[in-house]
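Each remark here refers to the structure printed beneath this line.
The values are calculated or read from the model by the stated rules, or taken from the named source; none is laboratory data. All values reported here derive from a predicted model rather than from experimental measurement. As a convention, Cβ positions derive from the backbone with ideal geometry for all residues, glycine included, and neighbour counts pool all protein chains shown.
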Amino acid sequence: MTRAYFSLGSNLGDRATYLSRGVATVTHGEPHRVSRVYQSEPVGGVDQEDFWNLVLEVTTSATAYELLARARGAEVAAARTREVRWGPRTLDVDIVWIDGVTSCDEELTLPHPRAFERRFVLVPWRELRPDLVSDADVARAGGALSVLGTLDVLH
C-alpha cells in the first residue's frame, strides 16, 4: 500500500458536487483523507470564475496508471471538456505525487511538474503532508487563495 495525492479543482456548475463525486471516483472505496476546500484565482490568463480546490490522499495498492485512469474517469463523469487550455472546467483531477514513484512519459509525469508553483496545490497538500511541503515552498508559489471550509459542509 502506498499514498497517492491528487489535486482536484472545479469552477463550473455545482463545484461542491463535482468535487465530491471526483473524490468518490478516485478513491474507489479505499482509505482516504481530504483537505479543506480553497477558493483560488484561475491560472493561465483565461477570464473565468474562481476555482474551488482540494487535495486528496488515497492509500492504495493501485498502480500509477490505474490511478491515472481513475482521475480521467472522474473528469469524464463530470462531462469535462478541453476546449481552451487552462480554461473553465467542471472538474480537473491531477495526480500530484505518489510515494516512491517517479514517471516521465507522454501519459504521466510524477511528481507533477507544476505542483510546487501553485499555492492552490501546496496549501491543501501541506494540510495532509507537511513533511513534503515547506513554508518556503508555499511562500514561493503563486496565487492567492482563501479557505471555504470542508467539502462535507459545502456539499
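Assorted remarks:
- Single residue of the stretch 8-40 satisfying the filter (surrounded by 15 or more Cβ atoms within 10 Å (Cβ to Cβ) and in contact with a Lys or Arg (Cβ under 8 Å, 6 or more places away or on another chain)) that is farthest from ALA141 (Cα to Cα): THR25
- Number of the exception - PHE116 against (1) in contact (Cβ under 8 Å) with a residue 60 or more places away in the chain; (2) of a type in the set (A, V, I, L, M, F, W, C); (3) out of contact with any Leu (no Cβ under 6 Å at 6 or more places or on another chain): (1)
- Taking the criterion of being modelled with pLDDT of 95 or more, in a helix (DSSP H, G or I) and among the aliphatic types (A, V, I, L, M), the residues of the stretch 59-76 that qualify are ALA64, LEU67, LEU68, ALA69, ALA71, ALA74.
- The stretch 55-67 - residue that is of a type outside the set (Val, Ile, Thr) and buried (at least 20 other Cβ atoms within 10 Å of the Cβ) and, of those, nearest to LEU148 (Cα to Cα): LEU56
- Count - residues of the stretch 9-43 that are within 14 Å of the chain's Cα centre (by Cα) and at positive phi: 0
- Filter result (in contact (Cβ under 8 Å) with a residue 60 or more places away in the chain and surrounded by fewer than 18 Cβ atoms within 10 Å (Cβ to Cβ)) within the stretch 95-113: ASP99, GLY100, VAL101
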